[in-house]
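Notes for the one structure printed next.
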Amino acid sequence: MKVEAWVFGSLTIFMVIVTPVYWLITADASGVPELTGTVALILTTFLVLMIFVYLLLVARRMEPRPEDRSTGEIVEGAGELGFYPPQSKWPFFLSLTFVPVVLAPVFGWWLMIIGFGFGFITLSGLLYEFYRGDHAH
């Protein structure tokens, strides 16, 4: 986790350098800087800083992973990494239920109700896929 933390730490340093440079470069002839991009860069700086601090705190509490240690071996990282589901039909149907929701402002808001109804059914199918059928646990 320390490697990931330092990636975000270096991004924080980069953003701290780039933000004032952007603020100075975007000033027009009257000396007023462009505010939208400057505010976006400031918020991005704080977002990256927040992720950096979180990863640093988590890395301090964790036992070092094999890839974090210089003496780590590939064999130490072997084993079960988790459960990965087989192919599923539900993401396709869930994406199809998004179509009436997107088209609702064009053709009528009643389409959004239909989209949410189908979305509830397909989301339930996706969430409970492994409780019934071939892949039941």
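For the pair Glu4/Ala78, report the inter-label distance in nm, with labels modelled 7 Å from Cα in the Cβ direction.
If labels sit at Glu4 and Ala78, their model points lie 2.5 nm apart.
Can you compute the label reach from Glu34? Point 7 Å from Cα along the Cβ direction, backbone N cut-off under 14 Å, restricted to region 7-24.
Of the residues in region 7-24, 19-24 have backbone N under 14 Å from the label point off Glu34.
Quick one: among Ile114, Ile13, Ile51, which has the greatest mean-square fluctuation in a GNM of the chain with alpha-carbon springs under 10 angstrom?
Highest fluctuation of the listed residues: Ile114.
FYI, it's all coordinate maths here, none of it is from the lab. The structure presented is a predicted model; accordingly, all values stated were derived computationally and were not measured. Note that we place each Cβ from the backbone using ideal geometry, even for glycine, and neighbour counts take in every protein chain shown.
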